[in-house]
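Each value in this text was obtained by applying a stated rule to the coordinates, not by laboratory testing. Keep in mind that this is a model prediction, so the values were computed, not measured. Backbone-built Cβ (ideal geometry, glycine too); neighbour counts: all protein chains shown.
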Amino acid sequence: MSDQVLPQGAGYGVVVGIGLFFSAFMVGLTAIQARYTGVSPKDSEEFTSASRSVKPGLIASGIVSAWTWAATLLQSSAVAYRYGISGPWWYAAGATVQVLLFAQLAAKLKLNAPYAHTWLEIVAVRWGTAAHLIFMFFGLATNLIVSSMLVLGGSATVTDLSGMSTIAACFLIPLGVAIYVVVGGMRSTLLCDYTHTTVLFAIILTFVFTVYATSGYIGSISKMHFLLSEVSTVAPVAGNAGGSYLTLRSKNGLIFGVINLIGNFATVFQDQAYWQRAIASRPATTVKAYLIGGLAWFAIPFTMATTLGLSAVALSAVPASSSLAQEPTSSGFVPLLPTLSDAQISAGLPAPVAAATLLGKSGATAMLILLFLAVTSATSAELIAVSSIWTYDIYLRYINPNATEQQILQMSHIGVAAFALVMGIAGVIFYYIGISMGWLYTFMGVILGSAVVPIALCITWRKASKVGCLSGAVVGFIVGVVAWLATTAGLNNNLINVTTSGGNYEMLAGNLGSIAIGGIIATIVSLIWPEDYDFAATRAINSPASHHQAPAVGEGEVYAEKKVPDSSISSVVNEAPKLDNELDSVGLNKAFKFAAWSSVALTLIFMILIPLPLFGASTVYSVTGFTVWVVVGIVWAFCSAFAVVLYPLWESRAALALISRGIIKDIFAKGSGKYVPPEATADTRAAA
């Protein structure tokens with residue numbers, strides 16, 4: 001957009017103002033928790049893993065929040081703008097199945113390493129230092145690429161809508177998040193994520209009803225269908241059935257779907273943020289949390305893109321009013337929204353410009369807030385994830401295995417602050433060399449995909465071979481990069497640059513080469529030369545029985561975690577015996593089997609049974625068919641909102657009642673509402 005809808009101050013106001021608001025909110029939330037529930041992030045276990053006691057609704061909300069990137073809102077709408085209704089489906093389905101399938105890894109984590117802090121600790125104990133360092137490269141590369149996409153997408157939209165400096169946005173976005181993550185730790189971050197998710201659904205549903213019910217430009221599903229049909233006639237989509245935006249028969253949409261599927265396996269299976277939520281969850285409900293979270297998240301990109309992504313297309317068929325028109329074309333038609341360039345689409349601008357066109361300043365402001373909340377919630381997940389890797393896999397393992405509790409907590413804080421700075425620097429570097437969010441999104445699987453299968457096998461399969469999985473990850477990485485560059489050169493007369501290397505076929509070759517070779521080598525070598533690993537050593541990682549053993553960091557070993565005195569452990573940590581009872585191997589094996597068949601069944605439905613028959617039929621939807629498509633998305637969005645907004649409130653009703661009683665007591669008798677641990681109450685009675 002050449003002219004910003006909002007003043008520059010609005011951009012700084014949202015980025016700095018809302019960032020400081022959530023920092024203050026987090027300080028207050030942490031103080032309330034400490035006073036009325038006994039939970040405090042001053043304990044390193046509570047700071048990094050919320051004492052492994054979080055209920056499924058809040059974990060599901062946190063998953064939705066962590067998985068809602070800038071790309072979720074912007075790239076999904078961009079592929080809708082490019083390919084029509086197939087884009088939202090392939091984006092949503094291709095990035096939902098990974099979270100659903102991750103439920104299996106979450107169940108195996110609780111079974112095979114219930115007290116681990118990171119997935120890399122499991123690699124270190126099973127296969128030693130070399131494997132630990134190799135897979136750490138893939139883990140940190142995942143965090144860096146995801147974080148860069150967040151910063152790039154967020155800063156591009158803030159700049160486009162308000163004219164705020166892109167460089168300033170790159171640094172200010174992660175800075176504000178770092179403040180409240182340092183203050184609150186994992187549990188408070190999840191609560192803040194819950195707030196973000198609530199506002200997220202409220203704004204998305206506002207856009208939905210504006211576009212399909214009240215807008216003077218569109219205002220109904222039938223009008224949207226008419227406008228999309230008009231655009232399809234004037235500017236047909238290459239590779240789509242009849243050139244229409246209203247069909248799932250989209251060759252390029254299908255290619256994007258495959259790229260999306262492969263790339264997002266890497267950014268879930270290798271991202272500590274998702275392992276962190278599995279670690280923080282109660283053992284008995286981990287699988288439930290991931291299945292709810294995955295299904296709830298589907299509605300966000302699908303509904304968002306079907307609303308604003310398609311609106312950006314439809315508005316190019318609406319004539320501008322005389323007051324908005326500049327110079328009429330030879331045909332006398334001036335579209336309300338001119339066709340966007342490839343660079344604008346890749347930057348993720350279809351959704352923001354559609355929101356601003358439909359609702360003016362209020363739409364631009366809502367989009368700015370929506371994007372900022374999405375970026376900051378996902379950023380908080382990345383910050384605490386990298387902080388955990390820095391603290392437990394680098395500092396404690398290689399630098400200071402005898403660290404005290406205070407040193408561990410201090411390193412966690414330093415990790416958050418340092419990575420916030422790294423995020424800003426990476427965003428600026430990618431911005432200056434011309435790498436956009438859309439380019440990074442399709443590229444991530446090229447260099448990350450090779451480690452997906454090896455990591456999954458390490459955590460879940462006793463026969464997984466160290467040599468096979470390591471060679472698969474390394475060779476797959478090389479093959480993926482070579483396939484990407486070779487295809488780029490072959491299809492573009494040996495010209496390799498940012499533009500030529502970002503094509504669909506170029507990225508598809510790299511993504512497929514990386515994940516396929518990595519998986520094939522790891523699996524075949526493991527079948528030929530299998531290990532027979534019993535996971536006894538990984539189950540002992542940081543286990544309560546080993547808390548007071550001397551730390552060991554030799555090959556295939558892991559340090560023993562330091563613990564604070566019992567008197568300083570929060571009330572949630574005092575639930576340890578109850579949580580240990582949930583680590584029953586029979587129950588966890590049943591959970592794994594349930595996760596396996598349900599996630600695989602849902603994957604088949606999302607990726608094969610629904611889209612492929614519709615692709616093969618080459619149907620161009622009528623008004624009735626398109627109405628069903630849109631209504632299903634709206635209903636799904638409402639169900640998702642109930643699952644991750646209302647359900648967490650219901651399951652936390654006891655804690656909310658405890659806090660309410662404490663506040664009321666303090667109001668009427670100052671000091672009487674403070675939480676007293678059950679042990680302290682029992683000691684007082686005994687003394688009396």
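Things to note:
- Estimated inter-spin distance, K42 and V628, nm [label 7 Å along Cα→Cβ]: 6.1 nm
- Simple label model, 7 Å out from Cα along Cβ direction - L612 to K361, nm: 5.3 nm
- If you bin all the Cα-Cα distances of the chain at 20 Å, starting from zero, the percentages per bin are 18, 52, 26, 4, 0.
- One decimal place: the segment F638-A669 gains 6.9 nm when fully extended, by the rule 0.36 nm per residue minus the C-alpha distance.
- Across the stretch 203-216, computed HN-Hα scalar couplings (Karplus, 6.51 cos²θ - 1.76 cosθ + 1.60, θ = phi - 60°) run 6, 4, 5, 4, 4, 4, 6, 5, 5, 9, 9, 10, 5, x Hz from first to last residue, x flagging Gly and Pro.
- Volume per residue for the stretch 141-234 equals 171 cubic angstrom (convex hull of Cα atoms).
- For q = 0.14, 0.25 Å⁻¹, Debye-computed log10 I/I(0) when each Cα of the stretch 98-162 counts as one equal scatterer: -0.60, -1.08
- Rounded to the nearest 10 degrees, the angle from helix 19-36 to the longest Cα principal axis of the chain is 30 degrees.
- Measuring r between the beta carbons of Q406 and V600 and using R0 = 45 Å, the FRET efficiency lands at 0.50.
- Each stretch of four or more DSSP H residues adds -39500 (n - 2.57); spread over every residue of the chain, this sum gives -23000 deg cm²/dmol at 222 nm.
- Under-5 Å amide H pairs with N240, H placed in peptide plane, nonlocal only: K251
- Over the stretch 23-152, the fraction of Cα-Cα pairs per 5 Å bin, rounded to whole percents and listed from the shortest bin up, is 2, 8, 11, 16, 18, 16, 14, 9, 5, 2, 0.
- Per principal axis, descending, Cα span of the stretch 308-461 in whole Å: 76, 34, 30
- Contact order relative to length of the chain, as percent, for alpha carbon pairs under 8 angstrom and 6 or more apart: 27 percent
- The angle separating the long axis of helix 350-388 from the principal Cα axis of greatest extent in the chain is about 30 degrees.
- Helix 86-112 axis, angle to the chain major axis (alpha carbon atoms, nearest 10°): 10 degrees
- Treating r as the C-beta distance of L20 and F137 and R0 as 56 Å, the FRET efficiency rounds to 0.95.
- The slack in the chain from D532 to L485, taken as 0.36 nm per residue of separation less the alpha-carbon distance, amounts to 13.0 nm.
- The lysines whose alpha-carbon is closer than 25 Å to the alpha-carbon of K223, local same-chain residues fewer than 8 away aside, are K361.
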